[in-house]
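The values are calculated or read from the model by the stated rules, or taken from the named source; none is laboratory data. In this text the structure is predicted, and so the values were computed from the model without any measurement. No Cβ is skipped: glycine too gets one built from the backbone with ideal geometry, and neighbour counts run over all protein chains shown.
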Amino acid sequence: MDILDASMSDTLWIGLIVGLASLVQSLTGFGFALVAVSLLPFFMELHLAVALIIAVGLIGNLVLWWHHRSDFEWSRINHLSAAALVTIPVGVVGFHYVPEHLALQVLGIMVLAYVGYSWLQLSLPALTGRSWAYAFGAASGVLTGAFNVGGPPLVIYGNCNQWSPQQFKGNLPGMFCVLS
């Protein structure tokens, strides 16, 4: 189904989902794509949902980054960004070769795993060293290339390194702008 062929009801649902995803993003500094990609495939094809998320997400992330730019620290995301930019093509290629139903199942498992991680408030060790930044950045890049949901690895990395809420709100939108 093309977004232009969507019924008025579907269009309303798409708008509500984008609004909900924007609310989550504005409250937490991340989560727009996670919420939107989880719900939009009920009303549009996955590849269209990902394209919509990239366009709307970039605008939202630019606004959030600008608002929190005083808390942005390039030194905290430079290695994450480098690894993610290298692995985004892996996610893009994988997205085109993996059947959509399988991609949605993997995405669903990832979302459930992240919800479980958040709900259980797991205490993870501090991840010092550049190799951890590269590993989590690479995971974020693959997920960004495939679904534009590279946030969970970045949030886990930030939690492991005890980023403050201000650092999350300054660094994650900046990171998402780079990746978009």
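Taking every residue in the range 124-135 that is at pLDDT 90 or above and of a type in the set (A, V, I, L, M, F, W, C) and pairing it with any residue that is surrounded by 11 or more Cβ atoms within 10 Å (Cβ to Cβ) and in a helix (DSSP H, G or I), at least 6 positions away or on another chain, the pairs with Cβ-Cβ distances below 6 Å are Ala133/His79; Ala133/Leu80.
Residues that are over 17 Å from Gly174 (Cα atoms) and without any contact (Cβ under 8 Å) to a residue 12 or more places away in the chain within the range 15-55 comprise Gly15, Leu16, Gly19, Leu23, Ala51, listed in sequence order.
The set of residues from the range 94-107 being part of a helix (DSSP H, G or I) and either surrounded by 13 or more Cβ atoms within 10 Å (Cβ to Cβ) or in contact with a Lys or Arg (Cβ under 9 Å, 6 or more places away or on another chain) (or both) comprises Gly94, Phe95, Ala103, Leu104, Val106, Leu107. Would it be correct to say that Asn161 is within 23 Å of Arg69 (Cα to Cα), of a type outside the set (Val, Ile, Thr) and surrounded by fewer than 23 Cβ atoms within 10 Å (Cβ to Cβ)? Spelling it out, Asn161 is indeed within 23 Å of Arg69 (Cα to Cα), of a type outside the set (Val, Ile, Thr) and surrounded by fewer than 23 Cβ atoms within 10 Å (Cβ to Cβ). Taken as a whole, the structure leaves Trp65 outside the set of residues that are crowded, with 16+ Cβ neighbours inside 10 Å, farther than 27 Å from Cys160 by Cβ, touching a Phe, Trp or Tyr at 6+ places or on another chain (Cβ under 7 Å) and aromatic (Phe, Trp, Tyr).
Of the listed requirements (1) in a helix (DSSP H, G or I); (2) modelled with pLDDT of 85 or more; (3) of a type outside the set (Ser, Thr, Tyr), Trp163 misses just one: (1). Among the residues of the range 65-89, those identified as farther than 16 Å from Gly150 by Cβ, touching a helix residue (DSSP H, G or I) at 6+ places or on another chain (Cβ under 9 Å) and assigned to a helix (DSSP H, G or I) are Trp66, His67, Arg69, Ser70, Asp71, Trp74. Testing Leu179 on (1) of a type in the set (A, V, I, L, M); (2) closer than 24 Å to Val50 by Cα; (3) free of Cβ contacts under 8 Å to residues at least 60 places away in the same chain, one condition comes back false. Which one is that? Condition (3) is where Leu179 drops out.
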